[in-house]
Amino acid sequence: GAVVSQHPSRVICKSGTSVKIECRSLDFQATTMFWYRQFPKQSLMLMATSNEGSKATYEQGVEKDKFLINHASLTLSTLTVTSAHPEDSSFYICSATEVQNTEAFFGQGTRLTVV
Amino acid sequence: GQQLNQSPQSMFIQEGEDVSMNCTSSSIFNTWLWYKQDPGEGPVLLIALYKAGELTSNGRLTAQFGITRKDSFLNISASIPSDVGIYFCAGRFDQFYFGTGTSLTVIP
């Protein structure tokens, strides 16, 4: 299957700082990327959908000014958690899909801890 | 967002036993996908289904796309310890919708 690389895998940051998470499709062009948040022992919660070159579409309840998403190229999307707080600590996962492909491939996930 | 009803929520089985889990939805989907997630990792695609009634195998795994397009099941035959993990179904129409997950524990 296609490869999606997410970086970093773990990050610890101080409250009030910002953290950027990268999601790259390594062997295909990802016209659409999805960002999820996952709490322990729970399913994936969709945060936003981003299409290359356009603004991301955020799910209800997700603050777009707090979770900045940029999908500037067909192989890279970034999620920036701004002014992080301890309650933002979570597992964040991206996935990517090609326009003709109906499968989604996931990154390895990023464990964010805000102290 | 919408979530699919996935059952069972958890399973504890002996090594060598077969496993069956399923997902149901009130909406129809064009695609059903099954993923496995290990702790601290992202989900890995196991099987993708594209047509109603389709039955697809991947080694010891078999999955079917329900005729009504509102359900799918995943079977694992002759389970082994490395099958341990959380299994998610996903349905796609306009976007992906995920099941609540089935946590599988295999007892050697």
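The values are calculated or read from the model by the stated rules, or taken from the named source; none is laboratory data. It should be emphasised that the depicted structure is a prediction, and the values quoted were computed from it without experimental measurement. Cβ sites come from the backbone with ideal geometry, for glycine too, and all protein chains shown count toward neighbours. Protein only, heavy atoms only, side chains kept; ligands, DNA and RNA dropped before computing areas. Shrake-Rupley method; radii C 1.70, N 1.55, O 1.52, S 1.80 Å.
Using a 1.4 angstrom probe on heavy atoms only, work out the carbon and sulfur share of the accessible area of chain B in %. That share works out to 53 percent. What separates the Cα centres of segment A:23-95 and segment B:38-72 is a distance of 25 Å. In the context of the full set of protein chains, residues of segment B:1-81 present 50 Å² of accessible surface per residue (probe radius 1.4 Å, heavy atoms only). As a length-normalised measure over Cα pairs under 8 Å and 6 or more apart, the relative contact order of chain B settles at 39 percent. Residues of segment A:79-113 that lose at least 30 Å² of accessible area (1.4 Å probe, protein heavy atoms only) when the other protein chains are present, relative to their chain alone, are A:F91, A:T102, A:E103, A:A104, A:F106, A:Q108.
Only protein heavy atoms count here; under a 1.4 Å probe, A:E59 has an accessible surface of about 40 Å². In segment B:68-108, burial by the other protein chains removes 20 Å² or more of 1.4 Å probe accessible surface, compared with the chain on its own, from B:F88, B:R92, B:Q95, B:F96, B:F98.
Accessible surface area normalised per residue over chain A is 50 Å², counting heavy atoms of protein chains with a 1.4 Å rolling probe. Sites counted here are trypsin sites (Lys or Arg not before Pro) in a DSSP loop (not H, G, I, E or B) having no more than 15 other Cβ atoms within 10 Å; the longest part of chain A that contains none of them is A:67-115. Any chance you could look up the accessible area of B:D94 with a 1.4 Å probe, heavy atoms only, rounded to 10 Å²? Per-residue accessible area (B:D94): approximately 100 Å².
Taking chain A as a whole, the Cys residues whose C-beta sits 4.7 Å or farther from every other Cys C-beta are A:C13. Counting every C-alpha pair in chain B, the share spaced more than 21 angstrom apart comes to 28%.
The dipole here belongs to the protein assembly as shown: it is taken about the Cα centre, uses +1 on the Cβ of Lys and Arg and -1 on the Cβ of Asp and Glu, and is about 380 debye. Remark: relative contact order (chain A) = 37 percent; criterion is Cα-Cα distance under 8 angstrom and separation of 6 or more residues. Out of the total accessible area of segment A:1-101 (probe 1.4 Å, heavy atoms of protein only), what percent is carbon and sulfur? That share works out to 50 percent. Structure note, pairs A:K14/A:K66; A:K20/B:K36; A:K41/B:K36; A:K41/B:K51; A:K64/B:K36: Cα-Cα distances above 20 angstrom occur for A:K20/B:K36; A:K41/B:K51; A:K64/B:K36.
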